[in-house]
Amino acid sequence: NQRERDHRRAQTDFMAMLAHEFKSPLDTLESTTHSIGLLNDSELIEGRLTSQRRALDDMASILNRLIEVDAAEGGKRLFEPQSFQIRSLLIDIIADVPSPERIELNCSLDDAITNDPVLLRRILTNLIDNALKYGLPGGEVKLTVAPKRNRLKSGIEFRCTNEIGAAGTPDAKQVFTKYYRAPNAKGQSGAGLGLWLSKCFVEAMSG
């Protein structure tokens, strides 16, 4: 049926994307390894080594993403709550993303909270990475964190907003679907898994 055909097509697209995602860092490793043997300048060598470390980090990130997919689909226990300072975690997350100077943080919480800092880090990193990658080049990304209460329960609301870039406006009904990519995002790196995983993690946290 159509659903099965769409699923097979999505899997085929994913495997093609995965091959492309690994090829780029592998090409970097190959070229820098060759050039290091021809260099005598220590600064140039350090630059090549930095490129290699970045390429290895990229491949490790892809593999970790696939491991997370396996855990999410296999029903493994994901949620491990503990007490931590939310503001400190947010500052650490922003410091680790590309172009942290583009992030505007508005957090009205200063007390410790009880939640899973590992899952929360993955969720927010995915959201911020997407906002930076697919937003307006050089544009600002706003991360707003505030308490939210209703008649049934209380919690924390996280909002990550950006200005729409060349990738276009994502389909609100599909943006958290596995393998979904924005209309004009085909030329950019990405697996279409980050936001789907974030949704799985939020559900594991009863969000």
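Given the criteria under 17 Å from the mean Cα position of the chain (by Cα) and surrounded by fewer than 16 Cβ atoms within 10 Å (Cβ to Cβ), does Lys153 qualify?
no
Acidic (Asp, Glu) and over 20 Å from Lys199 (Cβ atoms): which single residue out of Glu104, Glu80 fits that description?
Of Glu104, Glu80, the one residue that is acidic (Asp, Glu) and over 20 Å from Lys199 (Cβ atoms) is Glu104.
Say we look at region 104-128 and pick out the residues that are under 15 Å from the mean Cα position of the chain (by Cα) and surrounded by fewer than 18 Cβ atoms within 10 Å (Cβ to Cβ); which of these is modelled with the lowest pLDDT?
Here the residue is Val118.
For region 138-158, enumerate the residues that are farther than 20 Å from Ala95 by Cβ and either among the hydroxyl-bearing types (Ser, Thr, Tyr) or modelled with pLDDT of 85 or more (or both).
Ala146, Pro147, Lys148, Ser154, Gly155, Ile156, Glu157
State yes or no: is Glu101 surrounded by fewer than 16 Cβ atoms within 10 Å (Cβ to Cβ) and part of a helix (DSSP H, G or I)?
Spelling it out, Glu101 is indeed surrounded by fewer than 16 Cβ atoms within 10 Å (Cβ to Cβ) and part of a helix (DSSP H, G or I).
Condition first: surrounded by 13 or more Cβ atoms within 10 Å (Cβ to Cβ) and modelled with pLDDT of 80 or more. Now tell me which residues in region 60-96 satisfy that.
If the condition is that a residue be surrounded by 13 or more Cβ atoms within 10 Å (Cβ to Cβ) and modelled with pLDDT of 80 or more, then Phe84, Gln85, Ile86, Arg87, Leu89, Leu90, Ile91, Ile93, Ile94 are the ones that fit.
Answer with yes or no whether Leu132 is among the hydrophobic types (A, V, I, L, M, F, W, C), under 13 Å from Ile93 (Cβ atoms) and under 15 Å from the mean Cα position of the chain (by Cα).
yes
The values are calculated or read from the model by the stated rules, or taken from the named source; none is laboratory data. From a predicted model like this one, the values you see are computed outputs, not experimental measurements. Every residue, glycine among them, receives a Cβ derived from its backbone with ideal geometry; neighbour counts consider all protein chains shown.
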